[in-house]
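Chemist: Let me begin by handing over the structure; questions about it come next.
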Amino acid sequence: MASDGARKQFWKRSNSKVPGSIQHVYGAQHPPFDPLLHGTLLKSTPKVPTTPVKAKRVSTFQEFESNTSDAWDAGEDDDELLAMATESLNSEVVMETAHRVLRNHSQRQNQPSQKKPEPEPQPIAEPPVAPSGDLRLVKSVSESHTPCPSESTSDTVPLQRSQSLPHSATVTLSGTSDTHALGGSALSKRETSRLDKFKQLLAGPNTDLEELRKLSWSGIPKPVRPMTWKLLSGYLPANVDRRPATLQRKQKEYFAFIEHYYNSRNDEVHQDTYRQIHIDIPRMSPEALILQPKVTEIFERILFIWAIRHPASGYVQGINDLVTPFFVVFICEYTDQEDVDKVDVSSVPAEVLRNIEADTYWCMSKLLDGIQDNYTFAQPGIQMKVKMLEELVSRIDERVHRHLDGHEVRYLQFAFRWMNNLLMRELPLRCTIRLWDTYQSEPEGFSHFHLYVCAAFLVRWRREILEERDFQELLLFLQNLPTARWDDQDVSLLLAEAYRLKFAFADAPNHYKKSSTPLPRH
């Protein structure tokens, strides 16, 4: 059992080597957080409080001062009152003076709202606002040593903290143009620097794949993602001069497969496979992409050719989802559409589409080569991974494990899809692409590291799981997790926690296992 005390003791002992701490780990696995990001954020916004508590204390005093400053002004009204205090006043004078003070006070209260309509409360808790996200990112690093990071990264926590901030603090965090401009320029500088590093690596005569993996761990810039994925998946060679010939040869080979096999899709021996593919594709997401006729035809050819050439597994539901990320990443190189869920292929030339289809097939094949036991008869790979996930969760959070077991929720009922579809049905496509940046950077990312991501993903919803007291509600929640508004930052936090779990368990499988025999007393 992984008690809180045991986890704290573990982090104290190996604090300097754990990703997510202030001092980052460098090696074969790149640290989950880029030090350039944190250094830039901390230096570029020195005046912004790093914790909500400090921001609340300072802004509360500022609000108090602004609301009561008129009470200390030595204006004409105050002089009159002081003069009247020395005289003998009757009730009429007192009432008139009181009304005048109240009237003047009301006028002064209305003046700021007329001159400055900007300080309206802004929804800083929403994900698109940059300063709020920056603060949460810095805070998540400082809290990465807590026993249950999933609780501190809940979507509801930052929302409550943001709403509890006074009015003036809200303006300071989300309405100050200087702070926003500094944060934006710092992030753009960092992204430009990272993009330059990628371009230098990719342009060299022989790309250093190990260095490319380290750089890709924390995300790959969109302009270089297509080429980086082709290299990390093993589709293209590291040597720059060999790449054009390899592309031409592999694309020609793929279309030879189509010419040789695709016409047999209506044969009796293959018609069931093709029919199932034809049924499954419209069920995929995003609908705006999948329902385009050209895309449907491309996906049918890719899946049918792969099934024919891999008779040990054939086509299995779930494989169809693995085509989408590769296709979208490669097609985005030729479109200006920023939203990956709404990519339109109608403007892409036919010859380019043909090449993208071939590249998608080969990259998907490379991925499936490492996890093919997930899709052979009885899917033993998935059965084993779900069992390993159950064992892992029972060690890192026994309370969650017992809660699920007590309500007779079996891991196979919700985690089977997590393994079968690599979390693609649980996350938006943009988050899946970011997740795959890291998967392709990790050794055995899709087959091994994915297990720790699933464990971190489950514990991420710890509070919500423990609040559910019914089997149906629990299962419904686990099968429909609220991730529609997730972004790259949420995925980065998830990956950081997964890396921490891998660091603790990959080389020490009995690290948190309960001992069957009591320790001897001295």
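Chemist: Give the residues of the range 254-281 that are part of a helix (DSSP H, G or I) and among the β-branched types (V, I, T), sorted by residue number.
Modeler: Once the filter is applied, which keeps residues that are part of a helix (DSSP H, G or I) and among the β-branched types (V, I, T), the range 254-281 yields I258, T273, I277, I279, I281.
Chemist: If you don't mind, there's one more thing I want to ask. In the set V409, V400, which member is in a helix (DSSP H, G or I), surrounded by 16 or more Cβ atoms within 10 Å (Cβ to Cβ) and on the phi < 0 side of the Ramachandran plot?
Modeler: Going through V409, V400 in turn, the sole match is V400.
Chemist: Hey, can you tell me all the residues within the range 355-380 that are under 15 Å from F446 (Cα atoms) and free of Cβ contacts under 8 Å to residues at least 40 places away in the same chain?
Modeler: Within the range 355-380, D369, D373 meet the criteria.
Chemist: Give me the residue from the range 232-265 that is open to solvent by 50 Å² or more (accessible area, probe 1.4 Å) and of a type in the set (S, T, N, Q) and, out of that set, farthest from E297 (Cα to Cα).
Modeler: Within the range 232-265, the match that is farthest from E297 (Cα to Cα) is Q248.
Chemist: Run down S492, S515, S447 and say which single residue is polar (S, T, N, Q) and at pLDDT 95 or above.
Modeler: Selected residue: S492, the only one of S492, S515, S447 that is polar (S, T, N, Q) and at pLDDT 95 or above.
Chemist: Hey, F416 hits all of (1) closer than 23 Å to G370 by Cα; (2) hydrophobic (A, V, I, L, M, F, W, C); (3) open to solvent by less than 30 Å² (accessible area, probe 1.4 Å) but one; which does it fall short on?
Modeler: F416 satisfies every listed condition except (3).
Chemist: Of these, E442, E338, which one is assigned to a loop (DSSP other than H, G, I, E, B) and buried (at least 22 other Cβ atoms within 10 Å of the Cβ)?
Modeler: E442
Chemist: I'm checking my understanding of the structure. Among residues of the range 192-226 that are of a type in the set (S, T, N, Q) and open to solvent by less than 30 Å² (accessible area, probe 1.4 Å), which one is nearest to N239 (Cα to Cα)?
Modeler: That would be T207.
Chemist: Next up: Hey, K189 hits all of (1) of a type in the set (K, R); (2) surrounded by fewer than 20 Cβ atoms within 10 Å (Cβ to Cβ); (3) modelled with pLDDT of 95 or more but one; which does it fall short on?
Modeler: Every listed condition holds for K189 apart from (3).
Chemist: Within the range 321-330, does at least one residue satisfy the condition of being in contact with a helix residue (DSSP H, G or I) (Cβ under 6 Å, 6 or more places away or on another chain), of a type in the set (S, T, N, Q) and closer than 18 Å to S285 by Cα?
Modeler: No, that holds for no residue.
The values are calculated or read from the model by the stated rules, or taken from the named source; none is laboratory data. Predicted, not measured: the structure shown is a model, and the values here were computed from it. Because the Cβ atoms are built from the backbone with ideal geometry, glycine has one as well, and the counts that use them run over all protein chains shown. What goes into the accessible areas is simple: the full protein's heavy atoms, side chains included, and nothing from ligands, DNA or RNA. Shrake-Rupley method; radii C 1.70, N 1.55, O 1.52, S 1.80 Å.
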